[in-house]
Amino acid sequence: MRIGFIGLLTCRCSLAALAALAVPSSAAAGASKQDTHGHDEAIDEPVVDADRPTRAAPHADCDLRMPLWEHKVARGEHLGGIAGRYGVRRRDLLALNPSISDPNLIKVGESVRVCPEIFPRVRERKTHVVASGETLSELAVQYGLSVDEIVGMQEGKLSDPNRLGVGHELVLWVDGGLVEAFAPPPPAKKKKKARRRGGRKRKFGSRAGVSIKMRGDDDRVHIKRAHLSYGTAKTIGLLDRVVSQYRGKVGHAPKVLIGDISKRGGGKIDPHLSHQTGRDVDVGYVLRGADGKRTRFSGVTLDNLDVPRTWALVKSFLDTHDVRYIFMDYKLQKALYEYAAAHGTSENVLDEIFQYPRGRGKNYGIIRHWRSHRNHFHVRFRS
Ligand SMILES: [Zn+2]
């Protein structure tokens, strides 16, 4: 059965990626705690949209993971921004839309099919009257947009973005609630699906049977805790590829610091909520100087972060095209974003990958902020 959902709004908004405004509900709660190894670990990693049951049936073209969504292209949007809005990659969109012959030329009003990792939200038109002292970059974060997006939404009526006049009325297209088909089902149905989800988890868990340790990588990686280094065969294979690619790019460099994956066979491990199915990997940022030799997650600042090498490592993960998301502290994201932008990464790709600069609360892109990811980043592979 094929069910698609047509965009509800024929919005005339000019620019891309008015992605989800709301932070997942668990973002506001939770905390971090010191574990027995003396570093911060996330204890409240979120359940992402794609793991949640929806009102509409999952679609076969989305591997039965979520309903299919049809995004209506708005003025000024590019494919990278559309991908970022839904937490997917441009090549996912191209695979689902063979009719797009030139990825750099998509037409306003055209439908783009997407299997959204970040669920679609209803776009709402808002007017903002500029007050004294307000800047576009502040407003961008306030509304979960980028400056370019806001400028595009003014359709040429904002001649100089650096000189915002007090009292000027800005038209903003912001995200409201979830599109109905992607909202959680009514309570009775929800219970039934929740049980089914539990079953699925056990199935994944039983496959976390391969340890990165078994690959005998001692000169390339440091494994923090051998008993928590078990992943699916696919995860461990991808990790091996990532490490090889990274080492090939940077040459002689500190070992890649691998934190928790899963325990053998999967299942709950303290203090994590995820890391149950052999698909999550905690990875240390690459640090400069003597800090680069550390064997635990600790003390990452903008002073000791080795930005070029960390970007090379993150890029090696992204290049597998098998990453569902990466949780990374917003400030460190900014450092990588600025480095990537200054070294030839196109706006299309930046919009596809980074949540930055839309604010740490915006559910957008592959690399997203989550609390307690200052001393390591968390990679979730696709199953
Ligand atoms: Zn983690």
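Determine, yes or no, whether residue 354 is in contact (Cβ under 8 Å) with a residue 24 or more places away in the chain, among the aromatic types (Phe, Trp, Tyr) and under 21 Å from residue 92 (Cβ atoms). Full working, then the answer.
Values: in contact (Cβ under 8 Å) with a residue 24 or more places away in the chain: yes; among the aromatic types (Phe, Trp, Tyr): yes; under 21 Å from residue 92 (Cβ atoms): yes.
The answer is yes for residue 354.
Can you find, within the range 268-299, the residue that is farthest from the chain's Cα centre (by Cα) among those that are of a type in the set (Gly, Ala, Ser) and within 12 Å of the ligand (Cβ to nearest atom)? Walk me through how you get there before you give the answer.
Start the filter on the range 268-299 by keeping residues that are of a type in the set (Gly, Ala, Ser), which leaves 274, 278, 284, 289-290, 292, 298-299.
Those still in the list that are within 12 Å of the ligand (Cβ to nearest atom) too: 274, 284.
Details: 274: 15, 284: 18 Å.
Once the filter is applied, the top-ranked residue is 284.
Could you tell me which numbered condition residue 271 fails, if it satisfies all but one of (1) surrounded by fewer than 20 Cβ atoms within 10 Å (Cβ to Cβ); (2) closer than 24 Å to residue 334 by Cα?
Only one criterion in (1) surrounded by fewer than 20 Cβ atoms within 10 Å (Cβ to Cβ); (2) closer than 24 Å to residue 334 by Cα is unmet by residue 271, namely (2).
Rundown of residues vs (1) among the acidic types (Asp, Glu); (2) buried (at least 19 other Cβ atoms within 10 Å of the Cβ), yes/no style:
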site: 285; (1), (2): no, yes
site: 288; (1), (2): no, no
site: 292; (1), (2): no, no
site: 297; (1), (2): no, yes
site: 303; (1), (2): yes, no
site: 308; (1), (2): no, no
site: 313; (1), (2): no, yes
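Okay, residues lined up against (1) part of a helix (DSSP H, G or I); (2) among the small types (Gly, Ala, Ser); (3) modelled with pLDDT under 95; (4) within 14 Å of the ligand (Cβ to nearest atom):
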site: 315; (1), (2), (3), (4): yes, no, no, no
site: 334; (1), (2), (3), (4): yes, no, no, no
site: 338; (1), (2), (3), (4): yes, no, no, no
site: 341; (1), (2), (3), (4): yes, yes, no, no
site: 348; (1), (2), (3), (4): yes, no, yes, no
site: 358; (1), (2), (3), (4): no, no, yes, no
site: 361; (1), (2), (3), (4): no, yes, yes, no
site: 374; (1), (2), (3), (4): no, no, yes, yes
site: 377; (1), (2), (3), (4): no, no, no, yes
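Identify all residues within the range 223-232 that are free of Cβ contacts under 8 Å to residues at least 40 places away in the same chain and part of a loop (DSSP other than H, G, I, E, B); write none if there are none.
Taking the range 223-232 as the starting set, the residues that turn out to be free of Cβ contacts under 8 Å to residues at least 40 places away in the same chain are 223, 226-227, 229.
Of everything in the range 223-232, just one residue is free of Cβ contacts under 8 Å to residues at least 40 places away in the same chain and part of a loop (DSSP other than H, G, I, E, B), namely 229.
Restricting to the range 363-372, give me the number of residues that are within 16 Å of the ligand (Cβ to nearest atom) and in a loop (DSSP other than H, G, I, E, B). So that I can check it myself, show each step before the final result.
Of the residues in the range 363-372, the ones within 16 Å of the ligand (Cβ to nearest atom) are 366-372.
Subsequent filtering for residues that are in a loop (DSSP other than H, G, I, E, B) retains 366, 369-372.
Qualifying residue count for the region: 5.
Select from the range 233-267 the residues that are away from the ligand (no atom under 16 Å from the Cβ), in contact (Cβ under 8 Å) with a residue 40 or more places away in the chain and either hydroxyl-bearing (Ser, Thr, Tyr) or not assigned by TED's automatic domain parsing to the domain that holds residue 308 (or both) and list them in ascending order.
The one that is away from the ligand (no atom under 16 Å from the Cβ), in contact (Cβ under 8 Å) with a residue 40 or more places away in the chain and either hydroxyl-bearing (Ser, Thr, Tyr) or not assigned by TED's automatic domain parsing to the domain that holds residue 308 (or both): 246.
Among the strands (runs of 3 or more DSSP E) contained in the range 8-126, which hold 2 or more residues that are farther than 28 Å from residue 275 by Cβ and modelled with pLDDT of 95 or more?
Details: elements: 32-34, 40-42, 69-72, 111-114.
Correct list: 69-72, 111-114.
Condition check ((1) at pLDDT 90 or above; (2) more than 30 Å from residue 124 (Cα to Cα); (3) crowded, with 17+ Cβ neighbours inside 10 Å) across all residues:
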residue: 170; (1), (2), (3): yes, no, yes
residue: 174; (1), (2), (3): yes, no, yes
residue: 182; (1), (2), (3): yes, no, yes
residue: 185; (1), (2), (3): no, no, no
residue: 190; (1), (2), (3): no, no, no
residue: 195; (1), (2), (3): no, yes, no
residue: 198; (1), (2), (3): no, yes, no
residue: 205; (1), (2), (3): no, yes, yes
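The values are calculated or read from the model by the stated rules, or taken from the named source; none is laboratory data. Not measured: the values here are computed from a predicted model. Here the Cβ is made from the backbone with ideal geometry for all residues, glycine too, and neighbour counts use every protein chain on show.
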